[in-house]
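Enquirer: My questions will all concern the structure given below.
The values are calculated or read from the model by the stated rules, or taken from the named source; none is laboratory data. Keep in mind that this is a model prediction, so the values were computed, not measured. Here the Cβ positions follow ideal geometry from the backbone for every residue, glycine too, while neighbour counts run over all protein chains shown.
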C-alpha cells in the first residue's frame, strides 16, 4: 500500500522536473554577470523563455496525463474496469477544479445530449459549487438538472473509498483532491411526486366577517337575495377550481380543493376577497370574507386543524384576508380593509365573567406587558390590577425597564400611600412568587419574544392574554383565556370595558383612570385613528372615574431635547417612491428613542401625499422601527415582512445585529414587494 502511494509522488515529480531544472539558470546567470553584461542579458532572456515554457507544459500536460493515468489504473484490474465502464449508473471522476478526468459509458451518453458542453462538471451542473468538492464530508448529495432531465448527484471523495481498485486513484497527485461523481436519473420520480403533491386534498374554511352588521343595514326582504348573491360568488369561485363547498352555518362554509388549485388561488391572491365586496343590495358596509386553509399534513384531521388555526388567526387579525397554513409556515393574503367595530358588548361581558371566575380560583395575579412599556401597556396593566384587587386578591405588575414616557405616572403610584410598595416588581422577584395558585395576565402583547419576562410564560400554567394588535404567526400558546380584538383602539379600551362587567362594576380610581385614558389617547393619536363608538364610550367612562385631561396633557409634554430630536428626524426624512417617508432618529433624547420614533412617524403622516411613514433608531445592538399609515397601506403587513407586527395603521419591528442602513434597505425592499403584490391602495 505504501509503495502505491509513493508512485504518484514520483509521477508528480516527473511533471515538475522542468520547473526544478530552471533553478540551474541561477548559477549560470551569476557567472555571466561577472564575465560580460551583454552575455548575461541574453541568457536571462533565454531563462525566462524556458521558465514560461516549463510552466505551460506542466499545466497543459498535467490534466491529460492525469486522465491517462486514471484510465490506466482502472484497466489494471480488468474485472473492475469492466464494471466501472459498463455499469448503468453514470459515473465519473473529477479534479478539484471540476475538470472531467474519466467517465464511464453511461455518463458519456448523458454528455452526448449536448455536444457543445465543456468537459467540466460546473458547466454541466451550474448549481454545483467548487466548495462542494472540498467538503470534509465523505459523501455529499445534491439535486440538479441537465438537458431537461433531473438528477440526484452523489459526490464521494476518493479517500473515503477503501478497496484496492481505488487505492491508486486516491494519490495520483499529492496536491489535487479527486472526487467520484454518481448520477441517478430521478426525472420520473420527481414528476410523479409533483403530480402526487398537486393531487393532495386541501381543506378550508370561509367565514363572512361582518354578517350581522351587513344584515342590519338592509331591508329584511333583501337579506335572502344578498345571501344568495354571496353564496353564488363563493360557490362559483370554489367550483371553478374543481372544488367542493358546503355551507355549514348561515355565515360559514367548508370546502375541499386539490393542491394545484390552491396554488392558482395563491397566485391571484384570492380574488374572491375583492369579489364579495362588490355585492351591493343597498348595504353601505361592504361584505368581507376570511379564509383559513390547511394542507401538507399527513392526514385530513391535521389539515382541518391547520384550517381552524388559520381562520382563527384571520379573524384575530381583523378579517378580510386569507391565511394558508402548512407544517412549515403561514402565508397571508389580503387584510386591506379596516376592521369593523362590533357595536355589541356581549363578548366583553362574557370575557369579563370568565376572567372573574379565574381570579376567584387563584391567590395572586402577575400582570405583565411588553418590553419598553408604553402608556397603553401601563394603563391596561393598572386596569387589570384594579379588577384583581377589587376582588380582594393580590396583584403585581411586572416591569423590568421603565421608559421616560411612563415614568411620571408610575412615580405617582410609587409615592402614594393608597398603593402597596410591591405594586411594581421586576422579573426576578416575580419568578419567586410563582406557584400553583398564581395566574399570569399578559396585556397589550401576544408575542412571546417581546414580553418583559419571557420565562414566566413557562413557569405559570394559568395564562390570560388581553391584546388589541392583529395576530401574527407568533402567539402565546396555552392561554386559558384570550381576548384579542383588533378592532379595539387600545388594550386600555378592552380592559375599561371589562371593568364594567366585573362583579357589579369596578370603578377605577382617578390616577388609574388617568393611565388608561392616556393609553387610549396615545394609541388613537388623540382620537383620530382606530377610533369607534365604543372608544368614546370608554373615554366617557374613564372621565366619570376621574380622568383629568389637563393632568394627562402635562404628562405628555416633551423635553426640549426630545422635541429637537423629533424635529431632526422629520427634517432628514427621505421620500421613497413619492409616497413613503423613511427617516432615522439621532442620539438626542436617549432615554426615549423608541417613543420618539413613534411620534416622529406620526408627524410625518401630516405631510400631504404620504401614504406611510417609517422611522427607526438603534439602541445598543437592536434597531427599533416604527411604522404609521392612515388608510392607504397596511403597515402591519410591512412590519411582518421584517419580523414585526401591530395594527394596519400602527406597527413596529425590532431587528437585532443589524445597522440602520441595512434596515432602511430592507424596508424599501419590503415596500417594493408590497407594491408588486398589489397590497398598497
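Enquirer: Among the residues of segment 635-649 satisfying the criterion of being in contact with a helix residue (DSSP H, G or I) (Cβ under 8 Å, 6 or more places away or on another chain) and either surrounded by 24 or more Cβ atoms within 10 Å (Cβ to Cβ) or in contact (Cβ under 8 Å) with a residue 40 or more places away in the chain (or both), which is farthest from residue 330 (Cα to Cα)?
Expert: The qualifying residue farthest from residue 330 (Cα to Cα) is 649.
Enquirer: Does residue 502 qualify as being crowded, with 18+ Cβ neighbours inside 10 Å and outside the structural domain of residue 350 (by TED's automatic domain parsing)?
Expert: Values: crowded, with 18+ Cβ neighbours inside 10 Å: yes; outside the structural domain of residue 350 (by TED's automatic domain parsing): no.
Considered against the rule, which asks whether it is crowded, with 18+ Cβ neighbours inside 10 Å and outside the structural domain of residue 350 (by TED's automatic domain parsing), residue 502 comes out as no.
Enquirer: Within the set of pairs 6+ apart or on separate chains, which have a first residue in segment 103-126 that is closer than 18 Å to residue 154 by Cβ, a second that is loosely packed, with under 12 Cβ neighbours inside 10 Å, and C-beta atoms under 6 Å apart?
Expert: From residues that are closer than 18 Å to residue 154 by Cβ, the pairs are 106/88.
Enquirer: Return only the number of the condition from (1) surrounded by 12 or more Cβ atoms within 10 Å (Cβ to Cβ); (2) without any contact (Cβ under 8 Å) to a residue 40 or more places away in the chain; (3) closer than 13 Å to residue 206 by Cα that residue 280 does not satisfy.
Expert: Residue 280 satisfies all of (1) surrounded by 12 or more Cβ atoms within 10 Å (Cβ to Cβ); (2) without any contact (Cβ under 8 Å) to a residue 40 or more places away in the chain; (3) closer than 13 Å to residue 206 by Cα except (3).
Enquirer: A further question follows. One residue is enough: does segment 465-480 have a residue meeting the conditions in the same structural domain as residue 406 (by TED's automatic domain parsing), exposed (fewer than 14 other Cβ atoms within 10 Å of the Cβ), in contact (Cβ under 8 Å) with a residue 60 or more places away in the chain and farther than 20 Å from residue 330 by Cα?
Expert: yes
Enquirer: While we're here: Could you run through segment 625-663 and say how many residues are in a helix (DSSP H, G or I) and within 17 Å of the chain's Cα centre (by Cα)? Spell out how you get there, then give the answer.
Expert: So in segment 625-663, the residues in a helix (DSSP H, G or I) come out as 635-640, 660-663.
So of that shortlist, the ones also within 17 Å of the chain's Cα centre (by Cα) come out as 635-640, 662-663.
Counting residues in segment 625-663 that are in a helix (DSSP H, G or I) and within 17 Å of the chain's Cα centre (by Cα) gives 8.
Enquirer: Any idea which of 272, 311 is closer than 13 Å to residue 205 by Cβ and either surrounded by fewer than 24 Cβ atoms within 10 Å (Cβ to Cβ) or touching a strand residue (DSSP E or B) at 6+ places or on another chain (Cβ under 8 Å) (or both)? Talk me through it step by step, then tell me what you get.
Expert: On the way: 272 fails: closer than 13 Å to residue 205 by Cβ.
Checking each option against the conditions leaves just 311.
Enquirer: Of all residues in segment 608-627, count the ones that are farther than 20 Å from residue 676 by Cα and in contact with a strand residue (DSSP E or B) (Cβ under 8 Å, 6 or more places away or on another chain).
Expert: 10
Enquirer: Here's something else I'd like to know. Would you say residue 461 is closer than 24 Å to residue 352 by Cα and surrounded by fewer than 18 Cβ atoms within 10 Å (Cβ to Cβ)?
Expert: Values: closer than 24 Å to residue 352 by Cα: yes; surrounded by fewer than 18 Cβ atoms within 10 Å (Cβ to Cβ): yes.
Here the answer is yes, as residue 461 does meet what is asked.
Enquirer: If you go through segment 655-678 one residue at a time, how many are crowded, with 20+ Cβ neighbours inside 10 Å and modelled with pLDDT under 90? Let's see the steps before the verdict.
Expert: So in segment 655-678, the residues crowded, with 20+ Cβ neighbours inside 10 Å come out as 655, 663, 667, 671.
Now drop any that are not modelled with pLDDT under 90, which leaves 655.
Residues flagged as crowded, with 20+ Cβ neighbours inside 10 Å and modelled with pLDDT under 90 within segment 655-678 amount to 1.
Enquirer: How many residues are touching a helix residue (DSSP H, G or I) at 6+ places or on another chain (Cβ under 9 Å), touching a residue at least 12 places away in the same chain (Cβ under 8 Å) and in a loop (DSSP other than H, G, I, E, B) if we restrict to segment 412-457?
Expert: Summing the residues that are touching a helix residue (DSSP H, G or I) at 6+ places or on another chain (Cβ under 9 Å), touching a residue at least 12 places away in the same chain (Cβ under 8 Å) and in a loop (DSSP other than H, G, I, E, B) in segment 412-457 gives 8.
Enquirer: Here's a follow-up. Restricting to segment 114-135, count the residues that are assigned to a loop (DSSP other than H, G, I, E, B) and either within 32 Å of the chain's Cα centre (by Cα) or outside the structural domain of residue 103 (by TED's automatic domain parsing) (or both). Can you show your working first?
Expert: The first filter runs over segment 114-135 and keeps only residues assigned to a loop (DSSP other than H, G, I, E, B), leaving 114-119, 125-129, 135.
Remaining after also requiring either within 32 Å of the chain's Cα centre (by Cα) or outside the structural domain of residue 103 (by TED's automatic domain parsing) (or both): 125-129, 135.
Number of matching residues: 6.
Enquirer: Which one is farthest from residue 650 (Cα to Cα), of the residues in segment 600-614 that are surrounded by fewer than 24 Cβ atoms within 10 Å (Cβ to Cβ) and touching a helix residue (DSSP H, G or I) at 6+ places or on another chain (Cβ under 8 Å)?
Expert: Going through the qualifying residues, I end up with 610.
Enquirer: Residue check, residue 599 against (1) part of a helix (DSSP H, G or I); (2) over 29 Å from residue 668 (Cα atoms), all met but one. Which one?
Expert: The single condition residue 599 does not satisfy is (2).
Enquirer: From the list 80, 136, pick out the single residue that is at pLDDT below 75, on the phi < 0 side of the Ramachandran plot and surrounded by fewer than 13 Cβ atoms within 10 Å (Cβ to Cβ). Talk me through it step by step, then tell me what you get.
Expert: Details: 80 fails: surrounded by fewer than 13 Cβ atoms within 10 Å (Cβ to Cβ).
After ruling out the rest, the residue left standing is 136.
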